[in-house]
Amino acid sequence: MADIVREDGRVIFTEAMRDEYTILVPHMAPYHFDLVVAAARSEGYKAELLTTTDYDVIHEGMKYAHNDICVPAMLVIGQFIDAIKKRSIDASKTALVLVQTGGACRASNYISLLRKALKKAGYPDVPVISLNAGGLEKNPGFKVTPRLLHKFHDAILFGDLLMQLVNQTRPYEVNEGDTDRLHKAIVQELKAYFDHRTLFTWRRHKHKTKSIIERFKKLPVDRTQKKPKVGIVGEIYVKYSPLGNNYLERTLEQEGCESVTPPLYDFFLYSFDSRAYDIKTYGGPWKEKFALKAFVWYVEIRRNKIRKMMRKAGYEPGIPYKAIKRLVNGFIDVGTHTGEGWLLTAEMIDLIHHGAPNIVCTQPFGCLPNHIVGKGMIKKLKKHYPESNIVAIDYDTSASKINQINRITLMVSNAKRNLERKIG
C-alpha cells in the first residue's frame, strides 16, 4: 500500500498510488463521462464511473453534508460515500476526483466539503483529486498531459455529438429502442478509440464522426408527426445529470416532446473565455489570456467541422460560441461569470431563436447565481419574446417529484397548443 502523504491537511494522490488506486468519477453527464473515463483509462488510470441513482445516494449526501448546501454537492458527496461503503475494493485503495472551477460558486468548495464528509464517514485517508485548469491543487499521481487533455477534448466532442443525435432521433424512431441500442454500441466502440499514443487525431476523429452521423441517419424515423421542442437549461449538474433532474429528457419524451439540451462544450468555452475576459478587464498575465483565447479558437475550428457534417445530414448542430455570446447584448453583461453567468440566458435566447421557445430552467436548491441568471431573467425574456414558454423547476432532495411533473406537464400542454396554432 502506498504511504499516505499529507499537505495542508489534505491527502496527496502520489505517483505510488497511481497503479494501486481506483479513481471514482461522479456521473454528471451521461453522454460524455463514459468517454471521459475511457480516455483516462487509456492513459493508465484505474478510473471507474459511478452510476448509482437509488435513494441511498441522497440519504448519504444528507447525512454527511449539511442541508444548506446546494443539491449538486449533496448528490455528488452522497454518491461517493455510498460507493465507498458498498464497494468490494478496500477504501484504502480508492481515490475520488472532482472538477473544480475556481469561480465564485459553491462548486469550488465541493472539494473541502467532500473531505470533511469523508472524515465524518470514517474515511479520512481517501485522496480527493481536484481536476482544474487553474492549478488550484497539485497531485503528483494525476497529471493532465497534453495527450490526455486532447483525449478529454475528443470525449466532450463525441459526447455532444451523441447527445444531439440521440435527442433528434429517439422521439421519432419507428422501432422502439433502435436509438438507444445504436448509442450503446457506438459508446463501446469509442472506448476503444482512445487506445492510442498519438497527440493529435484530427483525421481519425473526422472519419469516426462522419461514420457516427451516417449510422444514425440510417435509422428508420417518422417525422410526419410534429412534436414541440423543449430546451433544457440551468445549473451545469442538474441540467445534464439524470440523478439531478429526475431523468428530465426521458420525461419530456414520454410527454411527446423533443428534448434540446445545449452542448456541454459551450460551458467549458464560457469558463475559459470568462477568465480571459477578467484578465483583460482587471489585469493579469497576457500569456494566459492568449492561451485561453487560442484554445477557444482551436476548439471552435474542430466543432465547425462537426457542425458542417451534421447540417449536411439534416441535423441541427447548434450555433458557434461567438454567436451565442452575441445573443445576450441588451439582456445581460458578458462580465457576469458567477455560476452559469450570461451563458444560461444566452442558451434560452438561442433556443427561442431556433424553434424551441418551450424551456425548462432547472434550478437546484441553494444555487443563488443560477436563480439570478436563470429565473431572474425569465420576465425580461418573455417581454422581448412573447412566444416563449419558460418554466423554472426547483430540484431539491426534499422536493416533490409529483409537483415537478405537474409543472412540466402544464408547460408541455401550452407547448402543444401553441404548436397546433402555428401549424393550423
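The values are calculated or read from the model by the stated rules, or taken from the named source; none is laboratory data. Remember, it's a predicted structure, so these values are computed and weren't measured experimentally. With ideal geometry, Cβ positions are generated from the backbone for all residues, glycine too; neighbour counts draw on all protein chains shown.
Observations, loosely collected:
Per-residue answers, yes or no, for (1) within 19 Å of GLY159 (Cα to Cα); (2) without any contact (Cβ under 8 Å) to a residue 60 or more places away in the chain; (3) surrounded by fewer than 24 Cβ atoms within 10 Å (Cβ to Cβ):
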{"position": "VAL230", "(1), (2), (3)": "no, no, no"}
{"position": "LYS239", "(1), (2), (3)": "yes, no, no"}
{"position": "PRO242", "(1), (2), (3)": "yes, no, yes"}
{"position": "LEU248", "(1), (2), (3)": "yes, no, no"}
{"position": "LEU252", "(1), (2), (3)": "no, no, no"}
{"position": "PRO262", "(1), (2), (3)": "yes, no, no"}
{"position": "PHE268", "(1), (2), (3)": "yes, no, yes"}
{"position": "GLY283", "(1), (2), (3)": "no, yes, yes"}
{"position": "GLU288", "(1), (2), (3)": "no, yes, yes"}
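- Meets criteria (touching a residue at least 60 places away in the same chain (Cβ under 8 Å), over 21 Å from the mean Cα position of the chain (by Cα) and either surrounded by fewer than 16 Cβ atoms within 10 Å (Cβ to Cβ) or not in a helix (DSSP H, G or I) (or both)) for GLY355: yes
- Hey, ARG203 part of a helix (DSSP H, G or I) and touching a residue at least 12 places away in the same chain (Cβ under 8 Å) or not: no
- Yes/no for THR53 being modelled with pLDDT under 85 and either in contact with a Leu (Cβ under 6 Å, 6 or more places away or on another chain) or among the small types (Gly, Ala, Ser) (or both): yes
- Flag for ASP350 being over 21 Å from LEU264 (Cα atoms), within 20 Å of the chain's Cα centre (by Cα) and of a type in the set (D, E, K, R): no
- Residues that are loosely packed, with under 13 Cβ neighbours inside 10 Å and in a helix (DSSP H, G or I), drawn from the stretch 292-325: ALA294, TRP297, TYR298, ILE301, ASN304, LYS308, ARG311, LYS312, LYS322, ALA323
- Selection status of SER274, closer than 22 Å to HIS183 by Cα and within 20 Å of the chain's Cα centre (by Cα): no
- Entry remark, the stretch 240-277: residues being within 23 Å of LEU292 (Cα to Cα) and either small (Gly, Ala, Ser) or in a loop (DSSP other than H, G, I, E, B) (or both) number 6 in total.
- Candidates in the stretch 8-48 are the residues that are part of a loop (DSSP other than H, G, I, E, B) and among the charged types (D, E, K, R); of these, the one that is farthest from LEU118 (Cα to Cα) is GLU43.
- Subset of the stretch 267-281 [of a type in the set (A, V, I, L, M) and in contact with a Lys or Arg (Cβ under 7 Å, 6 or more places away or on another chain)]: ALA276, ILE279
- ASN109 meets the conditions (1) assigned to a helix (DSSP H, G or I); (2) modelled with pLDDT under 85; (3) more than 22 Å from ASP8 (Cα to Cα) in every case but one. The failed one is (3).
- Qualifying residue in the stretch 228-239 (condition: touching a Leu at 6+ places or on another chain (Cβ under 9 Å) and assigned to a loop (DSSP other than H, G, I, E, B)): yes
- Applying the condition of being of a type in the set (Val, Ile, Thr) and surrounded by fewer than 21 Cβ atoms within 10 Å (Cβ to Cβ) to the stretch 131-165 and asking which residue is nearest to THR14 (Cα to Cα) yields VAL144.
- Of all residues making up the stretch 400-424, the number that are touching a strand residue (DSSP E or B) at 6+ places or on another chain (Cβ under 9 Å) and among the small types (Gly, Ala, Ser): 1
Condition check ((1) touching a Gly at 6+ places or on another chain (Cβ under 9 Å); (2) among the acidic types (Asp, Glu); (3) in the same structural domain as GLY374 (by TED's automatic domain parsing)) across all residues:
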position	(1), (2), (3)
HIS153	no, no, no
ASP160	yes, yes, no
LEU165	no, no, no
ILE212	no, no, no
LYS218	no, no, no
ILE236	yes, no, yes
